[in-house]
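Inspection log for the structure reproduced underneath, given as structure tokens.
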Amino acid sequence: MIPPPSALRSCDDCSALILWTVTVHNRRMAVDSVPDEAGNQAVYRDGLAWRSRSLDGVDAPPKRPWESLHKPHVATCGEVRPAQGQAPAPKDPPR
Ligand SMILES: [Zn+2]
């Protein structure tokens, strides 16, 4: 199922549209708003909430018909802007 625009939010970092989901471990995770067959997160709607589960585990069931595949947004967010934590090179002290 493709999330409707009303379910999407903008990423604070790169302002791309993302979908907030709740994982099986009850943790929030942002995924890309556009389904991607290369994604490893099976996303489906559960009432008002969006759920996601990883397909990476060896015992993870395959994608179900009502699920769509998405990439975790953290996997693509870095492509839009430079990586975090890279402080500018220190300037030489004045002499
Ligand atoms: Zn982002």
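Of everything listed in (1) at pLDDT 95 or above; (2) more than 17 Å from the chain's Cα centre (by Cα); (3) not acidic (D, E), the single unmet condition for S54 is (2).
The single residue among R28, R45 that is modelled with pLDDT of 95 or more and exposed (fewer than 15 other Cβ atoms within 10 Å of the Cβ) turns out to be R28. Restricting region 56-78 to residues that are touching a Leu at 6+ places or on another chain (Cβ under 8 Å) and part of a loop (DSSP other than H, G, I, E, B), the residue that is surrounded by the fewest Cβ atoms within 10 Å (Cβ to Cβ) is P62. Could you tell me whether any residue of region 79-90 is modelled with pLDDT of 90 or more and assigned to a loop (DSSP other than H, G, I, E, B)? So far as region 79-90 goes, no, none of its residues is modelled with pLDDT of 90 or more and assigned to a loop (DSSP other than H, G, I, E, B). Looking across region 20-51 at every residue that is under 15 Å from R9 (Cβ atoms) and not aliphatic (A, V, I, L, M), the one that is farthest from the chain's Cα centre (by Cα) is identified as W50.
The values are calculated or read from the model by the stated rules, or taken from the named source; none is laboratory data. Remember, it's a predicted structure, so these values are computed and weren't measured experimentally. Cβ atoms come from the backbone with ideal geometry, glycine included; neighbour counts cover every protein chain shown.
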